[in-house]
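Enquirer: I'd like to ask some things about the structure below.
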Amino acid sequence: MKFHEWSYLKHHPAVWRILLGILVIPLFYASLFLASVWNPYGELHHLPMAVVDQDRSTRTLAWGRTVSRKLVKDKSLQFHRMTAAKAQRELKDGRLFLVLKIPANASQTLSHLATTPKQLKVTYDTNAGQSTVASKMGATVMQKLQTTLNQAAVQAELRASQNAALTVGKQLTLTAKQLGQLQRASTVGLPAAKVAAATQKIVAGLTQGGEQLSEVRRADQLKQLAMPVKLTQHDVVAVANNGTGMAPYFMAISLFVGCITLNIIYDARKRHGEYRNFALAWLDKMGFLWGFVVLAASAMWLGVHYIIGLRPLEPGKTYLLSLLIVLAFFSLVTCFRLWFGLTGAWLMLLFMLFQIGASGGTYPIELTNPFYRAVHPYLPMTVAMAGLRHTISLGGSIAGISWILAGIAVVFSLGTLAYFYWHRTDPAVM
């Protein structure tokens, strides 16, 4: 049997290069993406958090200061002590992922656990609009931390209760000694009235001391109060569901995939007509393709908005930003496709796979490897996702992001124009 396919490949080495390029795509996708999510919970010490200590210490307890110091020194988490205003500002900007706020009445509440047990409510803020995954991870971290805080609170109050018991015990011992002295005094001729009055005072003291000791013994109630400290989550920017939180990531990927697919299927290097100069040829070709990608982005927007049910904070800005993103992505991909042919489209495919891992769309970028963290801010998909987060969930200005995307579109469009100038004498394909 003759293997005709192998014979064909033998005489067409260019096909070999194409097949080898396709061969490494699964390798790149699996390795690059897995590298970004390999061990996120093992990298939690890279996730910046803040502790805001508003506690007013009592004479016997400074719980807020003690807890804050322990959290900052703990190397398993990256806590920083901050003021409330600074912590909230950095949380909304995405520089922090969690803010733990210790209330002003913390020490006051916990110092009375033995006598009047009352649960202390401690709030921690997250920002689901910035990252739904980080918000959920923060909740998991706080569940573990809550156990530690409860143990610390109970131990602190037990120590205080033991000290109080020792003090009351000393008072009872002293009172008993005084009663014994009075009894001896009555045997040596003191007036009975004076002895009776003194005895009554001492008995009253013993009664009061017994009541105090009884109150101290109420420390057993701590065993029944399993959670003296309760942590409560609050999202400063809430999202309706997981899909809304992940929308910027998937929208950016879909637009980049669309640009690559268009450039692979439709060869922008072929000219279908004669032109007076290269600029007209460029404008004719790019104008058609620009219109096509704008139409594709509009179809995506209509689908996610009216079919899927995405409800952005600013729908108009989200749509217009999607158009700007697709023009930036298309200009980048088309420039490589024109200058390097199918190899350029292949390089852009690998670049997209790399961005999927390094853009921080799934887990926060702080939980990936150092190389991804270093290149993350400079990726087009990172910029696009940041803008979409603002228009979908966070609000705020996207002027800076829009200028960056417009710059990408202009620079690489000039690159495509340069290609048409360089190949201005190429014959048209009818």
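Enquirer: Order 106-112, 327-333, 235-241 from most to least packed using the mean count of other Cβ atoms within 10 Å. Each step should come with its number before you reach the end.
Expert: Working: 106-112: 21.1, 327-333: 26.0, 235-241: 16.0.
Packing order, densest peptide first, comes out as 327-333, 106-112, 235-241.
Enquirer: Subtract the Cα-Cα distance of ILE22 and ARG69 from 0.36 nm times their separation in residues, and report this length gain in nm to one decimal. All intermediate terms of the calculation are to be shown ahead of the outcome.
Expert: On the way: separation 47, 0.36 × 47 = 16.92 nm, distance 5.37 nm.
Roughly 11.5 nm would be gained on extension.
Enquirer: Which of the residue pairs LYS73/LYS136; LYS86/LYS121; LYS285/LYS317; LYS70/LYS118 have a Cα-Cα distance greater than 26 Å in the structure shown? Don't skip to the end; give the middle numbers.
Expert: On the way: LYS73/LYS136 24 Å; LYS86/LYS121 22 Å; LYS285/LYS317 28 Å; LYS70/LYS118 24 Å.
Among LYS73/LYS136; LYS86/LYS121; LYS285/LYS317; LYS70/LYS118, the Cα-Cα distance tops 26 Å for LYS285/LYS317.
Enquirer: Leaving ligands, DNA and RNA out of it, report the carbon-plus-sulfur percent of the accessible area of segment 353-430 at a 1.4 Å probe. Intermediate results must be reported in sequence, preceding the final value.
Expert: Details: 2450 of 3460 Å².
The nonpolar share, carbon plus sulfur, comes to 71 percent.
Enquirer: Find how many whole Å separate the alpha carbon centroid of segment 90-139 from the alpha carbon centroid of segment 302-374.
Expert: Spelled out, the Cα-based centre of one part sits 34 Å from the other.
Enquirer: Ranked highest first by average number of other Cβ atoms within 10 Å, how do 46-54, 25-33 line up?
Expert: Values: 46-54: 20.9, 25-33: 13.6.
In descending order of packing, they fall as 46-54, 25-33.
Enquirer: Right, another one. Just how far, in whole angstrom, is segment 386-422 from segment 1-63 if you go by their alpha carbon centroids?
Expert: 25 Å
Enquirer: Please give the contour-minus-distance gain from ALA240 to SER31: 0.36 nm per residue of separation, less the Cα-Cα distance, rounded to one decimal in nm.
Expert: Values: separation 209, 0.36 × 209 = 75.24 nm, distance 3.23 nm.
Gain on extension, ALA240 to SER31, equals 72.0 nm.
Enquirer: Given R₀ = 22 Å, what would the calculated FRET efficiency be for THR58 paired with THR147, taking r from the Cβ atoms and rounding to 0.05? Walk me through the numbers before you get to the answer.
Expert: On the way: r = 24 Å, r/R0 = 1.09.
After rounding to 0.05, the efficiency reads 0.35.
Enquirer: Sticking with this structure for a sec: What part of the accessible area of segment 246-350, given as a whole %, is carbon or sulfur when the probe is 1.4 angstrom? Spell out each step's value before the answer.
Expert: Details: 3560 of 4940 Å².
Here it works out to 72 percent.
Enquirer: In segment 26-129, with Lys and Arg counted as +1 and Asp and Glu as -1 at Cβ, which of these residues, SER111, THR126, PHE97, has the Cα nearest the positive end of the dipole, that is, farthest along it?
Expert: The residue sitting most towards the positive pole is SER111.
Enquirer: First measure r as the distance between the Cβ atoms of HIS11 and ASP267, then evaluate 1/(1 + (r/R0)^6) with R0 = 22 Å and state the FRET efficiency to the nearest 0.05.
Expert: 0.40
Enquirer: Let me ask something additional. Using the Cβ atoms and a cut-off under 11 Å, what net charge is assigned to the surroundings of TRP346, where Lys and Arg are +1 and Asp and Glu are -1? Let's see the in-between values first.
Expert: Working: positive: ARG17, ARG337; negative: none.
Neighbourhood net charge equals +2.
The values are calculated or read from the model by the stated rules, or taken from the named source; none is laboratory data. Predicted model only: the values in this text are computed from it and were never measured. Backbone-built Cβ (ideal geometry, glycine too); neighbour counts: all protein chains shown. These accessible areas exclude ligands, DNA and RNA; they are computed on the full protein's heavy atoms, side chains included. Shrake-Rupley method; radii C 1.70, N 1.55, O 1.52, S 1.80 Å.
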